[in-house]
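A.B. asks: I have a structure here, written as structure tokens, and I will follow up with some questions on it.
The values are calculated or read from the model by the stated rules, or taken from the named source; none is laboratory data. None of these values were measured; they are calculated from a predicted model. So basically every Cβ, Gly included, is an ideal-geometry build from the backbone, and we count neighbours across all protein chains shown. Areas reflect the complete protein model, heavy atoms only, side chains present, ligands, DNA and RNA absent. Shrake-Rupley method; radii C 1.70, N 1.55, O 1.52, S 1.80 Å.
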Amino acid sequence: MAQRELLPSDVLPEHYDLTLEPDIEKFAFDGVVKITCDVQVATDSISVHAHELVLSAASFTPSQGSVCQSDSIALRTKAKTAVIGFEEVLPVGKGVLEIKFRGTLNDQMSGFYRSQYTDSKGVKRFMATTQFEAIDARKCFPCWDEPARKATFVVTMIYPSNLTAISNMPPSSQETRADGKKKEIFMVTPKMSTYLLAFCVGEFEFVSTQTKSGVLARIFACPGNSARCSFALKCCIRALEFYDEFFGIPYPLPKMDMIAIPDFSAGAMENWGLVTYREVALLCDESTVSATQKHRICTVIAHELAHQWFGNLVTMEWWDDLWLNEGFANWMQTFCSDRLFPQWHIWESYVGMEQQRALQLDALRSSHPIQVPIKKAEEVEEVFDAISYCKGGSVVRMIYRVLGEKHFQEGLQLYFSRHKYSNTRTIDLWNAWKEVSGKPIDKMMSSWTEQMGFPVLEVLNDPFSTGQVELKQSWFLADGSKETGDDAKVWFCPVIVATDKGEAPVSFLEQKTGKVDCANLAGASFMKVNFGQHVPVRVLYPEPVFKRLVQNLKAIPAEDRIGLLSDTFATCKAGGADPGFIVDLLSGFKEELNHNVWSELSACLGGLEKIILQGLDDDTGAAFQDFCSKLVLPAFKYIGWDQLPSDDDNAKGLRSTVLSAVAKYCYKDPSISAEAVKRCKAFVADPNNVASLNADIRLAVFDVTVKSEGDAMFDELIKAHDMVKDGAAKIHIYGALGKAQSATLRNRALEFNLSGSVRSQDLIYIPMAMASSGKDGAEAVFDWMQAEYERIYEIIGATSMMLFQNMVRVSGTGFVTHEKADAVENFWKAKQVYQNVQKALAQTVENIRSNALFVDRLKNSKAAKAPTWGSAMADSRL
């Protein structure tokens, strides 16, 4: 375990009485904090966290004795701490540390910061809000800013009387002062970590209702948005009531507020009783919202509300167990959403999105374990990633399948009751599940959380002749590389095998090789390993077993079609399977109509397109693109442009996904481009009229239009961007601008990105779309990154390292050669910020090199020949 850098434990906090007076016009705040402390060891100094604050005075009053004034306050900028010295030695026992301070309402989306919005009259105004996770409470007030230093809090806010203030708890008193300002005191919080404290001051509207148990739920937004809060309120109520029952411990606060913040670096933040969100993650018009955004709003709310128990009520002891918060909430968001809206079939989406994000990142040597050693708290910024969230969630899903719901739920309830209002480590959760189930959860799970990576399960035989599946496990790596020591890795791996005639009980592969009984093979048409995709592994089949799966795709459940697609693409890329397999498999999906399967199809086609168009000859590239258009057109003819009254969210999702593929592969078709342009013109003529363009097809329409019309519609979309109020529409505009076909328009799009018209939280969308659009787009983004590095860093690097890491990734995401891998690596290594982005850079470079190796593998296969793709839709090699 890394030696953690913590504040001294000679003085510990128990309660904070925090008073703040923000000046939203001058972007500043004054504060005083009175911290009830327990002096464990007599000392003449107290160390606290403080960053970007001016501490003007401090004193300590022992419970038995007179006040001791500080004689020195030493700010340690690099450590983000302050050491307060006293003339006298402070006695052991309780006392109150009082500190007066001043800070800035910054524009960095961290600490106590300002966010800009436009009111109904078109006037730009500001609100004040907070974002403290992971280590930015110290930017608002002096404190012990560590998750294990839990305390209670009373917040007092002094602010202009025309505004509204909210915090974690309801107000206990309010008065109007002689100067006309309000002084509002909020009720004492439960015992909690500093990163969960929150408050907002500004002009707000809200909608509200109550849960069955009487908890007040409110959705807040800037003026003019209350009509877009209703769906979020429904999700909030239903999720709280579901969690009350499932966790067995009622939500412990009297209210749950959720608020949409215009400037917000993350997607949302689980502050206890006051959850903050990006506007696009909370607000929508339920009658016109796209199915994708609607599902996203529900899952984000379910994620943050799961944290009210898992993370807030029970908190990880230190950041190396961050996954306890985020991995569990990642799984729970889907579990809860599926119970609320079973018609969405949201586990299919989980397998295609969350699980695949985990497997893609964890297939790199530059990945990290779920439980990653953290020495300095600042290091945690690099592990708010797909490992902590998505792999964490995937292993929770695996545990749920192994334990069954009864033992899974009983273990959680034991964990919560045993550790509420305190801190835990991963082993505490394993012990709770082990205790209720009698199963060796700790033994099984250590191989998944303490070592990085995951196995590929290679099927060594044709079980139709033996009745058993012979399996071999080995560390799966995206580039297929082998190094000394790789074979030492072994996972305690659950194995779930099924045929179209039934599913076998869960078996376990604990060694490198083993045999597993199949389900009923009599009369079966196919056999699949990892049925249901409950385990985060890849599976590699011999040709006869793979052939049966391809021939019976329609009989295979959607989750497993998604898994088969992703596993085949990944194993072909890594050199484990013949690249011809992916051609055969893709050909079998010409009648596919499931939108989640189509999302995975699009991901596979996009991955192949990047490799083929940049790495193979032009004839093969043209044949591949023709193959893609033929694959998507049957689904397009089925779903069409227009929403039908009978369409459910699955049909809307299919239309959205298929039209996006049409925009990519069929945009040169005159009838398609003409229809898209017509619809885009209707939108730009009246961008705030929700009836002007269906949200489900908006991105596809914009993409085709920018590719087809060039300069004229590019300008019109920028004008529409400045007018439209819907954040989701703005994001779709960014995506389309990034698809511009000419060098001139690409440069204009990137200039627009830094013009001040795009909020810093959204700066990633244009370069991400451009870098993914092809070789020219990838080159343009990297050139822009090099030329504008200082400006980009100033806007977001100094604001949010998590956001800036995305810029590092996008700088290389479109490349497929070793030369480009070297160029990207050398550029970032020469920058001072390199120390803060090492993981992101290493992963980016490794992905580029993996693509380069895939180019070489494709060149030596039938997939490199144009006739292979030309005949693929008519006849499969198998």
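A.B. asks: Answer yes or no as to whether Val41 is open to solvent by 40 Å² or more (accessible area, probe 1.4 Å), farther than 25 Å from Ala198 by Cα and touching a Pro at 6+ places or on another chain (Cβ under 9 Å).
C.D. replies: Yes: the conditions hold for Val41.
A.B. asks: Somewhere in the stretch 811-822, is a residue at pLDDT 95 or above, outside any loop (DSSP other than H, G, I, E, B) and crowded, with 18+ Cβ neighbours inside 10 Å?
C.D. replies: There is at least one residue in the stretch 811-822 that is at pLDDT 95 or above, outside any loop (DSSP other than H, G, I, E, B) and crowded, with 18+ Cβ neighbours inside 10 Å.
A.B. asks: If you don't mind, there's one more thing I want to ask. If you check Lys573 against the conditions, is it open to solvent by 10 Å² or more (accessible area, probe 1.4 Å) and either touching a Phe, Trp or Tyr at 6+ places or on another chain (Cβ under 7 Å) or at pLDDT 95 or above (or both)?
C.D. replies: yes
A.B. asks: Pick out the one residue from Leu565, Leu521, Leu549, Leu553 that is at pLDDT 95 or above, under 21 Å from Ser465 (Cβ atoms) and either surrounded by 16 or more Cβ atoms within 10 Å (Cβ to Cβ) or not charged (D, E, K, R) (or both).
C.D. replies: On inspection, the qualifying residue turns out to be Leu549.
A.B. asks: Please work out if Thr288 is hydroxyl-bearing (Ser, Thr, Tyr), surrounded by fewer than 24 Cβ atoms within 10 Å (Cβ to Cβ) and more than 23 Å from the chain's Cα centre (by Cα). Let's see the steps before the verdict.
C.D. replies: Values: hydroxyl-bearing (Ser, Thr, Tyr): yes; surrounded by fewer than 24 Cβ atoms within 10 Å (Cβ to Cβ): yes; more than 23 Å from the chain's Cα centre (by Cα): yes.
It is true that Thr288 is hydroxyl-bearing (Ser, Thr, Tyr), surrounded by fewer than 24 Cβ atoms within 10 Å (Cβ to Cβ) and more than 23 Å from the chain's Cα centre (by Cα).
A.B. asks: Okay, next question. So, Glu503, is that one touching a residue at least 40 places away in the same chain (Cβ under 8 Å), surrounded by fewer than 20 Cβ atoms within 10 Å (Cβ to Cβ), on the phi < 0 side of the Ramachandran plot and acidic (Asp, Glu) or not?
C.D. replies: The answer is no for Glu503.
A.B. asks: Do you know which residues across the stretch 246-273 are farther than 12 Å from Thr129 by Cα, small (Gly, Ala, Ser) and open to solvent by less than 10 Å² (accessible area, probe 1.4 Å)?
C.D. replies: Across the stretch 246-273, the qualifying residue is only Gly273.
A.B. asks: Look through the stretch 58-78, keep the residues that are closer than 23 Å to Val92 by Cβ and of a type in the set (Ser, Thr, Tyr), and return whichever of them is least open to solvent (accessible area, probe 1.4 Å).
C.D. replies: The residue in question is Ser59.
A.B. asks: Under 30 Å from Asp107 (Cα atoms) and surrounded by 17 or more Cβ atoms within 10 Å (Cβ to Cβ): which single residue out of Asp762, Asp696, Asp715, Asp703 fits that description?
C.D. replies: Numbers: Asp696 fails: under 30 Å from Asp107 (Cα atoms); Asp715 fails: surrounded by 17 or more Cβ atoms within 10 Å (Cβ to Cβ); Asp703 fails: under 30 Å from Asp107 (Cα atoms).
Exactly one of Asp762, Asp696, Asp715, Asp703 is under 30 Å from Asp107 (Cα atoms) and surrounded by 17 or more Cβ atoms within 10 Å (Cβ to Cβ), namely Asp762.
A.B. asks: Go through the stretch 692-715 and give me each residue that's among the hydroxyl-bearing types (Ser, Thr, Tyr) and over 26 Å from Ser287 (Cα atoms).
C.D. replies: Within the stretch 692-715, just Ser708 meets the criteria.
A.B. asks: Say we look at the stretch 653-693 and pick out the residues that are farther than 20 Å from Gly710 by Cα and of a type in the set (Val, Ile, Thr); which of these is most open to solvent (accessible area, probe 1.4 Å)?
C.D. replies: Once the filter is applied, the top-ranked residue is Val690.
A.B. asks: Give the residue that is nearest to Glu317 (Cα to Cα), with candidates limited to residues of the stretch 415-432 that are crowded, with 20+ Cβ neighbours inside 10 Å and aliphatic (A, V, I, L, M).
C.D. replies: Leu429
A.B. asks: I'd like the full set of residues that are part of a loop (DSSP other than H, G, I, E, B), of a type in the set (S, T, N, Q) and surrounded by 19 or more Cβ atoms within 10 Å (Cβ to Cβ), limited to the stretch 366-414.
C.D. replies: Ser367, Gln371
A.B. asks: Related question: Pick from the stretch 724-759 the residues that are within 23 Å of Thr799 (Cα to Cα) and hydroxyl-bearing (Ser, Thr, Tyr): which of them is most open to solvent (accessible area, probe 1.4 Å)?
C.D. replies: Filtering first and then ranking leaves Ser755.
A.B. asks: Taking the stretch 160-183, which residues are of a type in the set (Ser, Thr, Tyr) and either in a strand (DSSP E or B) or in contact (Cβ under 8 Å) with a residue 24 or more places away in the chain (or both)?
C.D. replies: Thr164, Ser167, Ser172, Ser173, Thr176
A.B. asks: Is there any pair linking a residue in the stretch 466-491 that is within 24 Å of Val855 (Cα to Cα) and in contact (Cβ under 8 Å) with a residue 12 or more places away in the chain to one that is open to solvent by less than 50 Å² (accessible area, probe 1.4 Å) and among the polar types (S, T, N, Q), with Cβ under 7 Å and at least six apart or on different chains, and which?
C.D. replies: The qualifying pairs are Ala478/Ser850; Asp479/Ser850.
A.B. asks: Given (1) buried (at least 22 other Cβ atoms within 10 Å of the Cβ); (2) in contact (Cβ under 8 Å) with a residue 24 or more places away in the chain, identify the lone condition not met by Arg238.
C.D. replies: Going through (1) buried (at least 22 other Cβ atoms within 10 Å of the Cβ); (2) in contact (Cβ under 8 Å) with a residue 24 or more places away in the chain one by one, Arg238 breaks only (1).
A.B. asks: From the list Ser871, Ser850, exactly one residue is polar (S, T, N, Q), open to solvent by 50 Å² or more (accessible area, probe 1.4 Å) and either out of contact with any strand residue (DSSP E or B) (no Cβ under 6 Å at 6 or more places or on another chain) or in a helix (DSSP H, G or I) (or both). Which is it?
C.D. replies: Values: Ser850 fails: open to solvent by 50 Å² or more (accessible area, probe 1.4 Å).
Result: Ser871 is the single residue among Ser871, Ser850 that is polar (S, T, N, Q), open to solvent by 50 Å² or more (accessible area, probe 1.4 Å) and either out of contact with any strand residue (DSSP E or B) (no Cβ under 6 Å at 6 or more places or on another chain) or in a helix (DSSP H, G or I) (or both).
A.B. asks: Next question, about the same structure. Evaluate the stretch 460-475: report whether one residue or more is out of contact with any Leu (no Cβ under 8 Å at 6 or more places or on another chain) and closer than 17 Å to Pro369 by Cβ.
C.D. replies: yes
A.B. asks: Name the single residue that is nearest to Trp869 (Cα to Cα) among those in the stretch 623-642 being within 32 Å of the chain's Cα centre (by Cα) and surrounded by fewer than 16 Cβ atoms within 10 Å (Cβ to Cβ).
C.D. replies: Among residues in the stretch 623-642 that are within 32 Å of the chain's Cα centre (by Cα) and surrounded by fewer than 16 Cβ atoms within 10 Å (Cβ to Cβ), the one nearest to Trp869 (Cα to Cα) is Gly640.
For every residue, the table says whether it meets (1) touching a helix residue (DSSP H, G or I) at 6+ places or on another chain (Cβ under 6 Å); (2) of a type in the set (Ser, Thr, Tyr); (3) surrounded by fewer than 18 Cβ atoms within 10 Å (Cβ to Cβ).
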residue: Ser120; (1), (2), (3): no, yes, yes
residue: Met127; (1), (2), (3): no, no, no
residue: Lys139; (1), (2), (3): no, no, no
residue: Glu146; (1), (2), (3): no, no, no
residue: Arg149; (1), (2), (3): no, no, no
residue: Leu163; (1), (2), (3): no, no, no
residue: Ser173; (1), (2), (3): no, yes, yes
residue: Thr176; (1), (2), (3): no, yes, yes
residue: Gly180; (1), (2), (3): no, no, yes
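A.B. asks: Would it be correct to say that Asp578 is of a type outside the set (S, T, N, Q) and surrounded by fewer than 18 Cβ atoms within 10 Å (Cβ to Cβ)?
C.D. replies: Details: of a type outside the set (S, T, N, Q): yes; surrounded by fewer than 18 Cβ atoms within 10 Å (Cβ to Cβ): no.
Criteria not met by Asp578.
A.B. asks: Let me confirm something: among Trp309, Trp318, which residue is crowded, with 22+ Cβ neighbours inside 10 Å and touching a residue at least 40 places away in the same chain (Cβ under 8 Å)? Even if it seems obvious, please write down each step before you answer.
C.D. replies: Values: Trp318 fails: crowded, with 22+ Cβ neighbours inside 10 Å.
Residue meeting the stated conditions: Trp309.
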